[in-house]
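Notes follow the structure.
Nothing in this text is a laboratory measurement; each read-out follows from the coordinates by a stated rule. Given the structure is predicted, the values throughout are model-derived calculations rather than measurements. Cβ coordinates were reconstructed from backbone atoms using ideal geometry, including for glycine residues, and neighbour counts include every protein chain displayed.
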Amino acid sequence: MNPYKVLGIKKNASKEEINEAYKKLAKIHHPDIGGDEDEFKKINEAKSILLDVEKRKFYDLNGIVPDSKSALMYEDVKKMMKDHILGRLSQDKEVSIELMKKTIKDEIKKYEDELFSLKEFLEILNENKNAIKKIDKRKKINCFRLAIQELIRETKDSIRSCRHNIDEGEKILEILLGYEDSKKRYPTKRRAHNMKEDTRDKFSGMIQFIAEL
């Protein structure tokens, strides 16, 4: 969502112009007067973003709505990159976007394999629904049926979880594909080796401490 387009205002609009545009649109889209509820929510969200200094600054800088799914996704990628940088440099190794891409691709493949196995297992469970027959008519509870139904529910939940992880992984990979490694080689340990031994130890300790935060 582009809050400026939603309110029909320019990027340098003042607070007064934002409020004026909101009031004008609210008179048209307010649900109490027959307006569209979803459109009214968008108008409210746009006003909320643009009247909040920090949220507006975040949107202007990044082009995404703060606290949205997209914003959270970029936060996940940023954290992944931080972990990668700290982990590699603390071991005197080069940072590499290709390694990050490979990590995500491997994770996606792992969940795809798991998804395939779970689907097969679900088919087997469904085929075994009547594998055991209850013959004691005095008891109403059918433990076998309850057990297999519970396994089916749990397997379906695991399938949904796998699909979600694959979807998230693909979104992260899409962001990572927008980066590439520089052809220039950057230092990892050369500068650290020129330090005094105690200073280098402190540097390594600092990196380890930050990585554990």
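Some observations on this one:
- Ordered by the count of other Cβ atoms within 10 Å of each Cβ, fewest first, 117, 158 give 117, 158.
- Compared with the direct C-alpha span, the chain from residue 75 to residue 39 gains 10.2 nm at full extension, assuming 0.36 nm per residue.
- Computed FRET value (nearest 0.05) for residue 130 with residue 99, which takes r as the C-beta separation and R₀ as 45 Å: 0.35
- The share of alpha-carbon pairs in the range 97-180 lying farther apart than 20 Å comes to 51%.
- Taking every alpha-carbon pair under 8 Å whose residues sit at least 6 apart, the chain reaches a relative contact order of 21 percent.
- 3J(HN,Hα) couplings calculated from phi for the range 142-152 with the Karplus curve 6.51 cos²θ - 1.76 cosθ + 1.60 (θ = phi - 60°) are, in sequence order, 9, 4, 5, 4, 4, 5, 6, 5, 5, 4, 5 Hz; Gly and Pro show x.
- Compared with the alpha-carbon gap, the fully stretched path from residue 122 to residue 174 is longer by 15.7 nm at 0.36 nm per residue.
- Structure-based [θ]222 nm, the chain - -39500 (n - 2.57) summed over DSSP H runs of at least 4, per residue, nearest 500: -23500 deg cm²/dmol
- Projected area averaged over orientations for the range 3-66, convex hull of C-alpha atoms, nm²: 4.0 nm²
- With 5 Å bins beginning at zero, the pair-distance distribution over Cα atoms of the chain amounts to 1, 6, 9, 9, 8, 9, 9, 10, 10, 9, 7, 6, 4, 2, 1, 0, 0 %.
- Vicinal HN-Hα couplings computed from phi for the range 120-126 (Karplus, 6.51 cos²θ - 1.76 cosθ + 1.60; Hz; Gly/Pro x): 4, 5, 5, 4, 5, 4, 5
- FRET efficiency, 1/(1 + (r/R0)^6) with R0 25 Å, evaluated for residue 113 and residue 181 via beta carbons: 0.35
- Anchor residue 11: aspartates and glutamates whose Cα lies under 17 Å away (excluding residues fewer than 8 positions away in-chain): 20, 45, 52, 54, 60
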